[in-house]
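Quick notes on the structure that follows.
Just so you know, all these numbers are worked out from the coordinates, no wet-lab data involved. Here the structure is a predicted model, which means the values were calculated and not measured. All Cβ positions, glycine included, derive from the backbone under ideal geometry; neighbour counts span all protein chains shown.
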Amino acid sequence: MAFGSVQRPSPGLHAAYTCHRPFYRIIVRYFWNGICRLPLNKPHLSAMRISTLSRLLLVAALPAVFAASCVSPKVHAELQSSYDQMVAENEALKVRSDKAVTDLVECEAKRARLDEAFSSLQRDTTQQGSQYRKLLRSYKDLEANYDYALKNNNSLAAANLRENKAMLEQMEKIAQRLASKEDSLKREQDRLIAVEKALKAREVRVNELESLLARKDSTAAYFRQRIADALLGFENRGLTVSMRNGQVYVSLDNRLMFASGSWDVQTDGATALGQLAKVLAENKDLKIAVEGHTDDDAYYGKTSVKDNWDLSVMRATSVVKILVSKGIEPQRVQAAGRGEFMPIAANDTPENKARNRRTEIIITPNLDELVNLVGN
């Protein structure tokens, strides 16, 4: 419909939307920030048991529960608190992941030091063994001398006896030191074996994570090509398909989708959405987020749609409804309005403003397996 000619909704719908508008903004912001900030490149979080994505999906479903009544300030505050807590947990995960990488480097350095200590202990043990055998030979020589002296001179025999006793005490001390060093060497060997096992276990987890990340990127690239092929006829009419951070982005200019000031999808836009829905309906593991964007020109509505933010939400919702009508399960889709706050170009020329007036459909492969690996 044209700007200025929007039909006014019923008073009941107006009241419900006005009541829930802050609530919807919090939920959308909470869910989107949670999804976008998942730590997908941190492999060493073995102590964590966090199902972050499940929590975010639960929070995303809350608007359906509270759609029929106003949200009290207490519930609003609790949701905000939950959002802040999830953001803090996500930051903590990033810190712990970085620490795990640092610990791995330190373990490698420690292993090198232990190897050097092990070699040193081996050399020391060899030297002590040689000294022990030498002393043993000396002891036997002394015994022979003792027998000789005992036969020939009692005085000399007594002196030799004292000397031999001192030598025996020295040998006992050396033997005790050797035994102690052997025990120490055994403990160091056991420690080194434990470190090697831990390093191998971490290496296995790193390889698994790298494999999952590569598979995710490969899956995203495959669907990007599938979607680009399905929408081939629209690429020169304001539609682009790209891949960023393992996600597929389908961007549709407003000249293809909406008239100025309207949130009714035009015929060409609906056709493009129908082609896209065919691909999405065949792959039920894909998650879909629809974001509406505007330029910074002020919008003054005469209904409950008051500004660019409201308008972007209505446009995203219109796109979601078409996708659902084409067979996409509602649980897989979410709508978000970004208003003028996420431009892709400066709003300084008519051409750049036109680029900013767009609808983005963000398609994400299933990350459950990756999240479970990091969480475990």
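Worth pointing out:
- Gyration tensor over the Cα atoms of the range 141-276: the corresponding equivalent ellipsoid has semi-axes (square roots of 5 times the eigenvalues, largest first) of 95, 12, 8 Å.
- Taking Cβ atoms as reference points and 15 Å as the exclusive limit, the residues near Arg111 contribute a net charge of -3, counting Lys and Arg as +1 and Asp and Glu as -1.
- Extending 7 Å from the Cα toward the beta-carbon at both Arg123 and Ile344 defines two label points whose distance is 6.4 nm.
- Shown for Thr349, Thr359: other C-beta atoms within 10 Å of each C-beta, ranked fewest to most, produce the order Thr349, Thr359.
- Reported to the nearest whole Å, the Cα centre-to-centre distance from the range 283-308 to the range 78-139 is 53.
- Placing a pseudo-label 7 Å from each Cα along the Cα-to-Cβ vector at Ala77 and Ser260 gives an inter-label distance of 4.6 nm.
- Fewest-first ranking of Val250, Val305, using other Cβ atoms within 10 Å as the exposure measure: Val305, Val250
- Computed label-point distance, nm, for sites Lys321 and Arg177 using a 7 Å Cα→Cβ extension: 9.1
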